[in-house]
């Protein structure tokens, strides 16, 4: 670091990295980190139920779930919880996890989880 009056202060990389890690730990989850976490959770739940999903709408984090080429239902995650509905226009059912949300659609596990 260079001062306005010409002096210099040595840069301590370890000190700086430690401070960055401390501040980063206090920051809320970024939208990208949230989507990655939700995507991983959804993939794990889909595997347990023998399902796959269509293209994810990353802005609202929602998608359609399929089994053997047949639509099972619509799923997503908002700020509060996971939600699911068996048809495009219907009442949302909410759950605390992707696995619980898929179970609300009436899907039975295909693989022991």
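Restricting the first member to the stretch 34-47 and to residues that are more than 18 Å from residue 103 (Cβ to Cβ), and the second to residues that are surrounded by fewer than 13 Cβ atoms within 10 Å (Cβ to Cβ), the beta-carbon pairs closer than 8 Å and six or more apart or on different chains are 37/29. Can you confirm whether residue 74 is crowded, with 17+ Cβ neighbours inside 10 Å and at positive phi? No; evaluated as a whole, the condition is false for this residue. Screening the candidates 94, 72 for the property of being in contact with a strand residue (DSSP E or B) (Cβ under 9 Å, 6 or more places away or on another chain), farther than 14 Å from residue 46 by Cα and part of a strand (DSSP E or B) yields one hit, 94. Of the residues making up the stretch 70-82, just one is in contact with a helix residue (DSSP H, G or I) (Cβ under 7 Å, 6 or more places away or on another chain) and without any contact (Cβ under 8 Å) to a residue 24 or more places away in the chain, namely 82. Among residues of the stretch 1-30 that are surrounded by 10 or more Cβ atoms within 10 Å (Cβ to Cβ), those with a Cβ under 8 angstrom from a residue that is not in a loop (DSSP other than H, G, I, E, B), sequence gap 6+ or separate chain, pair up as 29/37. The residue pairs whose first member lies in the stretch 95-107 and is in contact (Cβ under 8 Å) with a residue 60 or more places away in the chain and on the phi < 0 side of the Ramachandran plot, whose second member is exposed (fewer than 15 other Cβ atoms within 10 Å of the Cβ) and assigned to a helix (DSSP H, G or I), and whose beta carbons are closer than 9 Å, counting only pairs six or more residues apart or on different chains, are 98/43; 98/44. Find the residue count for the stretch 50-69, including only residues that are in contact with a helix residue (DSSP H, G or I) (Cβ under 8 Å, 6 or more places away or on another chain), farther than 18 Å from residue 31 by Cα and part of a strand (DSSP E or B). Summing the residues that are in contact with a helix residue (DSSP H, G or I) (Cβ under 8 Å, 6 or more places away or on another chain), farther than 18 Å from residue 31 by Cα and part of a strand (DSSP E or B) in the stretch 50-69 gives 4.
For the stretch 53-68, the condition of being under 19 Å from residue 108 (Cα atoms), surrounded by fewer than 13 Cβ atoms within 10 Å (Cβ to Cβ) and free of Cβ contacts under 8 Å to residues at least 60 places away in the same chain holds for at least one residue.
Values quoted throughout were computed directly from the atomic coordinates according to the rules given, and no laboratory measurement underlies them. Everything numeric in this text was worked out from a predicted model, so none of it was measured. Cβ: placed from backbone, ideal geometry, glycine included. Neighbour counts: every protein chain shown.
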